[in-house]
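First the structure, in the form of structure tokens, and then the observations on it.
The values are calculated or read from the model by the stated rules, or taken from the named source; none is laboratory data. Keep in mind the model is a prediction, meaning the values are calculated, not measured. In this analysis, Cβ positions are derived from the backbone assuming ideal geometry, glycine residues included, and neighbour counts consider all displayed protein chains.
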Amino acid sequence: MKNLIDSLPFSLTKAQLKVLHEIKLDMFSPSPMMRLLQGDVGSGKTVVSLIAMSIAIDSGYQCALMVPTEVLAYQHFKSIKKMLESTSKFNSEHQVNIELLTGSTATKERKRIFTALLAGEINILVGTHALFEEQVEFKSLGFIIIDEQHRFGVEQRARLIKKSGTPDVLVMTATPIPRTLSLTVFGELDVSIIDELPANRIPVKTALRGESALSGIYQFIESEVKKGRQAFIVFPLVEESEKLDLKAAEQGFKEISTNYLPRLRVALIHGRMKWKEKEEIMNGFSAGEFDVLVSTTVVEVGVDIPNASVMLIHDAHRFGLSQLHQLRGRIGRGVEQSYCILVTKDEIMATASRFNQKVEFLPQQILERLKSITRLKAMEESNDGFKLSEIDLRMRGPGDIFGKNRAESPILNIVISQMIQ
């Protein structure tokens, strides 16, 4: 652990070192760790998780890092591998083998990974839901990290944990959902918070706008691109839906590349694409081959493009607070000022403009009645993931503490609801 920290090409923040100390104490205690690592987007959770994994590897155990999407799995795999390679002194003394396993991994490659994993030749396995498949067997799994744990079901997380006896478990998120917050209150999760961003990070400016302002917003994006920056434009759906009046990513891509930003290099990415296509587009965007990336929420987490300075989110009222905060986290990773623009219907914008009180102080009945508006206003007012989570908790409630609705135990539900109140 010390060798890895000393060989990093940057210094850890005080908050990262504090959190590492808490994790280390848990890992050396006789009881299995169950800890939530909360840190805003860009606060350095990935490097903290890597250093924690080095403790497990040094003790003879294997590590699993499970994430909800292939794009995020690839990003984590690439960034961890890059960090290990950049620490050449550490790498020459400690050989750490890392592999990637997703639903798109070829059959031949899967068999090779399964064999090496069972033989103990793989130290870190990064992957998606593929990690809890029956064929995946570890020799000595001792440390599990689940990123964005709210994107997995209770049983899905349990299936991975069962692949080890009593593993140490670390769950990571930038914006805990209400149920995660309630689990910290009732003692299932200990909490570590990275409350400090790396040096030179400038807070993202967030603005709420109506659809009538779109032409001006696209002009702003063009001006940012002329400065050498890049932009994300996010839509809620892939194709037009008859049930929902939303702009689809594919239709939006055609309009933007043809009518609004014809002089810019615009690319499209969405979840229905094959993994190879997504990988090529993301690599191209990262390399500066495209100015604008039109996408669905496939870029919600893990995508790290320091040169991107604009995040435009269409139909922002259709997204949850956690999603909006995660999307905003895709920008603001460089040294330039970044901007997140939330676009909603003009009538919603008109109602939102009449708010003259901060969302966190609004009465409960208003929060519940005007959920869409309060989410958007909360985003405009705060960059703090924990504060946004508290507002989300007030609006949505804690959910079922035990993960599955136990209809046969109404008394237990009544007791829990009274405790929460």
If I ask for residues that are small (G, A, S) and over 26 Å from L214 (Cα atoms), which ones from the range 250-291 would you list? G284, A287
Which one of the conditions (1) crowded, with 16+ Cβ neighbours inside 10 Å; (2) at pLDDT 90 or above; (3) touching an Asp or Glu at 6+ places or on another chain (Cβ under 9 Å); (4) within 15 Å of M53 (Cα to Cα) does I113 fail to meet, given that it meets all the rest? (4)
What residue, of K371, K377, is at pLDDT 75 or above, surrounded by 20 or more Cβ atoms within 10 Å (Cβ to Cβ) and charged (D, E, K, R)? K377
Per the filter on the range 315-337, residues surrounded by fewer than 23 Cβ atoms within 10 Å (Cβ to Cβ) and assigned to a loop (DSSP other than H, G, I, E, B) are D315, G320, R333, G334, V335, E336, Q337
Those residues that are in contact with a Pro (Cβ under 9 Å, 6 or more places away or on another chain) and under 11 Å from D168 (Cα atoms), I need them from the range 1-46; list them, please. D26, P32, M33
Can you tell me which residue in the range 20-47 is farthest from K139 (Cα to Cα), limited to those that are among the β-branched types (V, I, T) and either at pLDDT below 95 or surrounded by fewer than 16 Cβ atoms within 10 Å (Cβ to Cβ) (or both)? V41
Would it be correct to say that K243 is surrounded by 16 or more Cβ atoms within 10 Å (Cβ to Cβ), at pLDDT below 95, charged (D, E, K, R) and outside the structural domain of K14 (by TED's automatic domain parsing)? no
Based on what the data block shows, is I146 at pLDDT below 95, touching a Leu at 6+ places or on another chain (Cβ under 9 Å), buried (at least 22 other Cβ atoms within 10 Å of the Cβ) and outside any helix (DSSP H, G or I)? yes
How many of the residues in the range 158-174 are in a loop (DSSP other than H, G, I, E, B) and either over 30 Å from L321 (Cβ atoms) or at pLDDT 85 or above (or both)? 6
Selected residue [over 23 Å from G127 (Cβ atoms) and without any contact (Cβ under 8 Å) to a residue 60 or more places away in the chain] from L8, L84, L20: L20
List the pairs whose first member sits in the range 255-284 and is at pLDDT 95 or above, whose second member is among the polar types (S, T, N, Q), and whose Cβ atoms are under 7 Å apart, counting only residues at least 6 apart or on separate chains? V266/S257
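Conditions tested, residue by residue: (1) of a type outside the set (A, V, I, L, M); (2) in contact with an Asp or Glu (Cβ under 7 Å, 6 or more places away or on another chain).
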| site | (1), (2) |
| --- | --- |
| R265 | yes, yes |
| K276 | yes, no |
| N283 | yes, no |
| E289 | yes, no |
| L293 | no, no |
| I305 | no, no |
| I313 | no, no |
| A316 | no, no |
Starting from residues that are touching a helix residue (DSSP H, G or I) at 6+ places or on another chain (Cβ under 7 Å) and not in a strand (DSSP E or B), keep the ones in the range 187-217 and report whichever is farthest from L25 (Cα to Cα). S212
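Yes/no matrix, rows are residues, columns are (1) polar (S, T, N, Q); (2) assigned by TED's automatic domain parsing to the domain that holds A174; (3) surrounded by fewer than 22 Cβ atoms within 10 Å (Cβ to Cβ):
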{"residue": "P262", "(1), (2), (3)": "no, no, yes"}
{"residue": "V266", "(1), (2), (3)": "no, no, yes"}
{"residue": "R272", "(1), (2), (3)": "no, no, yes"}
{"residue": "W275", "(1), (2), (3)": "no, no, yes"}
{"residue": "M282", "(1), (2), (3)": "no, no, no"}
{"residue": "F290", "(1), (2), (3)": "no, no, yes"}
{"residue": "N307", "(1), (2), (3)": "yes, no, yes"}
{"residue": "M311", "(1), (2), (3)": "no, no, no"}
Check the range 381-388 and report whether any residue there is assigned to a helix (DSSP H, G or I) and at pLDDT 85 or above. yes
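Quick grid of which residues meet (1) in contact with a Lys or Arg (Cβ under 7 Å, 6 or more places away or on another chain); (2) in contact (Cβ under 8 Å) with a residue 24 or more places away in the chain:
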position: G42; (1), (2): yes, yes
position: V47; (1), (2): no, yes
position: I57; (1), (2): no, yes
position: V67; (1), (2): no, yes
position: A73; (1), (2): no, yes
position: Q95; (1), (2): no, no
